[in-house]
Amino acid sequence: MQRPNYPSGKDLLGADSVSRDDLDDIFARAERLLAEENEEDAPGDQPARLHLIRRRPKVIATLFDQRSTRTRLGFQAAALRLGHQSLDVYDTDRSRMGSATGETLDDHIRTVEAYSDLIVVRSHTESLPYQVGRLSYLPVINAGNGADEHPTQALIDLFAIRNLRGDVKDLSIALSSDTRARFALSFVKMLRLSPPRRFTLCSLPGVPINPPMREAIALLASLGCKVSFVHNVRDTLDHDVLIIQMQDMSRFAHASLGSEAVDKETETEPFTLTAKKILDAKSDTLILNPLPRFSELDVSCDALPNAGYFRQVKLSLPVRMAILERMLLGIPWTG
Amino acid sequence: MQRPNYPSGKDLLGADSVSRDDLDDIFARAERLLAEENEEDAPGDQPARLHLIRRRPKVIATLFDQRSTRTRLGFQAAALRLGHQSLDVYDTDRSRMGSATGETLDDHIRTVEAYSDLIVVRSHTESLPYQVGRLSYLPVINAGNGADEHPTQALIDLFAIRNLRGDVKDLSIALSSDTRARFALSFVKMLRLSPPRRFTLCSLPGVPINPPMREAIALLASLGCKVSFVHNVRDTLDHDVLIIQMQDMSRFAHASLGSEAVDKETETEPFTLTAKKILDAKSDTLILNPLPRFSELDVSCDALPNAGYFRQVKLSLPVRMAILERMLLGIPWTG
Amino acid sequence: MQRPNYPSGKDLLGADSVSRDDLDDIFARAERLLAEENEEDAPGDQPARLHLIRRRPKVIATLFDQRSTRTRLGFQAAALRLGHQSLDVYDTDRSRMGSATGETLDDHIRTVEAYSDLIVVRSHTESLPYQVGRLSYLPVINAGNGADEHPTQALIDLFAIRNLRGDVKDLSIALSSDTRARFALSFVKMLRLSPPRRFTLCSLPGVPINPPMREAIALLASLGCKVSFVHNVRDTLDHDVLIIQMQDMSRFAHASLGSEAVDKETETEPFTLTAKKILDAKSDTLILNPLPRFSELDVSCDALPNAGYFRQVKLSLPVRMAILERMLLGIPWTG
């Protein structure tokens, strides 16, 4: 059917949705929300804050056809902490969508949008968040789509770096990852908004860099960032920050809910980070990881002050709250 | 065991539960709730409304042993928008009910009623909502039971007609449907409270009309409504309103959660509505459909102004809110 | 990794966590919450209470790897009634934990604790709640672990006795149960805080009493409680209270979510309670049962005034609310 043209900027679909102003707005909201959380989390039976002003509770629809722990729970928790609610609108067992009596995506989204205020989509396909964004007048968040993008993870990573190490423009950042990983692509694309002093990609030798990643790195270079390429994680341990993930993510990124035949990737030695390597290098590099981790990040690292990945999970909450708050207020993305 | 006699009118089990006064009350509540929603949905960062007066959040239990998207999400969303909560109390994977270590329905309901304030039942059997209504002192809503009734859908359909076309008593209404469909039976029975000027049933030739439906139509005729019978959807396109669904719903209506072998009904040509038929007839008939649709309603209709079925979904929210609000206040049905 | 030492008393893991003062505090909170519920449940459209002071909604994580109806719904409902929320963080279908791409328990708990305020654990293993309590700085509730303990059920049983029969120290209490049942062990251990006048164990003849149970009963005896052992439920019907459950619970207690091959235990005649036995004995013994019941408790008992087990379910709600309220305020267990 004919669809009206929805206002541009309603959706957060990829790193390109986000402008420098949007990023600053997310940072400011996340910092305020973080401060409020800490204030309330002070122990004891202190006088409760007055929450006199309440809007109607909003309903956040989660439409996930791909396994997720952190992202699903993270958005649900962010909604709850804002006083809103979440509804799981993809339910393989009980929904009719995709079953023999299923309805089309179009009809399903027309129903979901009648009952909710914002849709969070995760999919093993690249197309689903874009389709939902086109079909619905509601704001849509891409929470990871196949091997394409994962912009909310990139916002979390940038906020974690800022919170734990300071302004990214003063820092050297290394990324050790499959160059086809969606979180990695969104992260490097998002770095254009505040290019680091130095950027280093650590990837498998002899494997061509994924073209969109190559393009994103070329853009960083054109903005004055010093770019290097290495093939051993030891060569990243003089950087301020290392974001590390496994080197072959493609099978994982495409796994759908029904498919169980996804193996943990076993990293070969040059791409596995251990406490010994960090200590040998006398490195104070901040280590981030989007989790779940695989063998690329040995548990021996957990006790070192370098380990930032669990604080990163904590910091994901105010970032997801900030994203929801902004979009529920109808503020467009201007990227 | 012996059960006390619960107050009559606590449950909404079928069209007979509802009196003309009850219907007016639901319409008035739904209209107020709709106005409040629209007020709050105005865009921008306007000063929030004060919600100073809050009752204890109520818990709506959903006990569904049959697939559902719209009805389950619809009641959950209605509960959330009222500031209440929902709990899924039928969970094939995790509950003990019906498993080898399961407990009886009686014991299960005694537990559910201890934790909740109202029970919404959907079942592939006719008996379950009546059983739950007898077992529990809580208000019980029948959200569709086998091939019996679906009174909340009928209330939604009547409110959609009123909202989109005006008072039903001034209108001509056509229904193209399996005469055994539960939504259809509840709708025609509910029409007795405000008979339309004219009512037309469009159904398969040579298939006897289901006796309860025949009885409901006879009652309409006895109340002065002009009744006709046709066998081609083209013959309904001079009516003010057409509610259309597939012509063989029985297998669908009886499908339980576990059964996957339910085929989409393929409509034969005389019962399939297309944009071409509407345009050929120069018809301004309002088209409603309880959804999910099957081949009876071609997507070519979606772009026409006649298509009311997606607005119908939107309007289902204030109606379900009105039903919950009324029943949680303990106001009895007087039908 | 190295973990900090978390404050002692943050978790409710077993009967030993609870001191006499803690028990009194739970009773006082539960009684206040019960009074507030009854006040609000008065029928009609009375002026709503003002809930002006609201804290941030808290998130209760439920991590259950074992089937449950009452306990899961009970904690979810308790959270909702307190204005808080629950998140199911063990989801066999959708979570990565335990799947081929799963993460370790340690990593999973680090994520869960970032998104929630309290973790409720039920497991078919004995170890899981203790592990989670050690891994997380959040308060952890053991809601039943294998054949070990079930302390929240014991608090519910004690509150039900108090509410329906008065102070336990003035009463004679009988327990007919498998001596390995976790609820039974927690109950007898908890009795040390307020020993009854008389305690009688009814169990299978020729089956040795489980050592931890033997120890808990010996402690009761050392505190001045008169202890007896019988092998027929008829011999308990002169007591003030009888808590009855099946006599072989071990297979049941160890069943995990995936396992369906758990049979209902069939009680032999001496351990089955019927209305006839109660009436023959002219007994006014209060009958409690943690539910689900099996053949040990015939439905003929339900109509007698002795039947306290459904009121016990109702009373579980203020007790679970009291436990959550106390632990969310950070008040330690001092047992």
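Numerical summary
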{"quantity": "Residue in the range A:152-160 that is under 19 Å from A:Asn306 (Cβ atoms) and over 13 Å from the mean Cα position of the chain (by Cα) present", "calculated": "no"}
{"quantity": "Whichever residue in the range A:178-196 is buried (at least 24 other Cβ atoms within 10 Å of the Cβ) and small (Gly, Ala, Ser) and, among such residues, is modelled with the lowest pLDDT", "calculated": "A:Ala181"}
{"quantity": "Selection from the range B:138-172 of residues that are closer than 19 Å to B:Arg214 by Cα and surrounded by fewer than 24 Cβ atoms within 10 Å (Cβ to Cβ)", "calculated": "B:Gly146, B:Ala147, B:Asp148, B:Ser172"}
{"quantity": "From B:Leu128, B:Leu175, B:Leu135, B:Leu105, residue being away from chain C (no Cβ under 14 Å), surrounded by fewer than 24 Cβ atoms within 10 Å (Cβ to Cβ) and over 12 Å from the mean Cα position of the chain (by Cα)", "calculated": "B:Leu128"}
{"quantity": "Condition check for A:Val89: in contact with a strand residue (DSSP E or B) (Cβ under 8 Å, 6 or more places away or on another chain), at the interface with another protein chain (Cβ under 9 Å from one of its Cβ atoms) and at pLDDT below 90", "calculated": "yes"}
{"quantity": "Residue that is surrounded by the fewest Cβ atoms within 10 Å (Cβ to Cβ), among those in the range A:205-224 that are in a loop (DSSP other than H, G, I, E, B) and under 23 Å from the mean Cα position of the chain (by Cα)", "calculated": "A:Ile209"}
{"quantity": "Hits in the range B:193-232 - residues which are closer than 17 Å to B:Leu158 by Cβ and among the small types (Gly, Ala, Ser)", "calculated": "B:Ser194, B:Ala216"}
{"quantity": "Complete set of residues in the range A:157-201 that are of a type in the set (S, T, N, Q) and part of a loop (DSSP other than H, G, I, E, B)", "calculated": "A:Ser177, A:Thr179, A:Ser194"}
{"quantity": "The range B:108-125: number of residues that are over 26 Å from the mean Cα position of the chain (by Cα) and of a type in the set (D, E, K, R)", "calculated": "1"}
{"quantity": "Selection status of A:Met213, within 30 Å of A:Val59 (Cβ to Cβ) and not assigned by TED's automatic domain parsing to the domain that holds A:Asp65", "calculated": "no"}
{"quantity": "Complete set of residues in the range B:285-301 that are within 11 Å of chain A (Cβ to nearest Cβ), touching a strand residue (DSSP E or B) at 6+ places or on another chain (Cβ under 6 Å) and over 19 Å from B:Phe159 (Cα atoms)", "calculated": "B:Leu297, B:Cys301"}
{"quantity": "Scope the range B:8-23; condition touching a strand residue (DSSP E or B) at 6+ places or on another chain (Cβ under 8 Å) and in a loop (DSSP other than H, G, I, E, B); matching residues", "calculated": "B:Lys10, B:Asp11, B:Leu13, B:Gly14, B:Val18"}
{"quantity": "Residue that is modelled with the lowest pLDDT [pool: residues in the range C:256-292 that are surrounded by 20 or more Cβ atoms within 10 Å (Cβ to Cβ) and more than 30 Å from C:Ser127 (Cβ to Cβ)]", "calculated": "C:Glu267"}
{"quantity": "Residue in the range B:55-86 that is modelled with the highest pLDDT, counting only those that are part of a loop (DSSP other than H, G, I, E, B) and at the interface with chain A (Cβ under 8 Å from one of its Cβ atoms)", "calculated": "B:Gly83"}
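The values are calculated or read from the model by the stated rules, or taken from the named source; none is laboratory data. Quick caveat, the model's predicted, so the values are computed rather than measured. Heads up, the Cβs are rebuilt from the backbone with ideal geometry, glycines too, and the neighbour counts pull from every protein chain shown.
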